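First the structure, in the form of structure tokens, and then the observations on it.
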Amino acid sequence: MPGTAPAAPAVPGVLPVDQNQLHFVSVDGGDSTRKFVITAEGGPVTAYTIAVPPGLPGSLTVSPSSGSLGDGGSATITVTAASTVPFVASLTVNPGGATVAVDVKVNPPAAGPTSPA
């Protein structure tokens, strides 16, 4: 139609995180869980990813590790760590490249009651 301007393309949003550090304590290699929130700002995010670095000495999982958010939409991300040795790592949230530092400490199992010899 004459005089009709084409629709402006959607501006992709950015994904700030609500915290930039997560601290875990794994007892005897057991799971420890923390959460953080990502929120789409400035437009929708059609395909976000959260990358876990390879080659860690323990287990580090992220759920959900990918998805889409409408403008203003948010997602709670659950991170689970388990290890018998301490380690540090960084999760990378894209688009935007925000990072979340992960610090995993290890505690031995609590000592139970001992029986007399």
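In order along the stretch 25-34, the Karplus-derived 3J(HN,Hα) couplings, from 6.51 cos²θ - 1.76 cosθ + 1.60 at θ = phi - 60°, round to 10, 9, 9, 6, x, x, 6, 9, 10, 9 Hz, and Gly and Pro are given as x. The reciprocal of the average 1/r between distinct C-alpha atoms defines the Kirkwood hydrodynamic radius, which for the stretch 21-107 equals 13.4 Å.
A Förster radius of 30 Å, combined with the Cβ-Cβ distance separating Asn20 from Thr84, puts the computed FRET efficiency at roughly 0.70. For Ile77, the amide hydrogen comes within under 5 Å of the amide hydrogens of Phe36, Val37, Ile38, counting only partners 5 or more places away or on other chains and with H modelled in the peptide plane. In plain terms, the residue of Phe36, Phe87 with the fewest other Cβ atoms within 10 Å comes first and the most crowded comes last, giving Phe87, Phe36.
Between Ser65 and Val27, the FRET efficiency from the beta-carbon distance, with R0 = 35 Å, is close to 0.90.
Readers should treat all values here as calculations from the given coordinates under stated rules, not as data from a laboratory. Note that the structure is predicted; figures quoted are calculated from it, not measured. All Cβ positions, glycine included, derive from the backbone under ideal geometry; neighbour counts span all protein chains shown.
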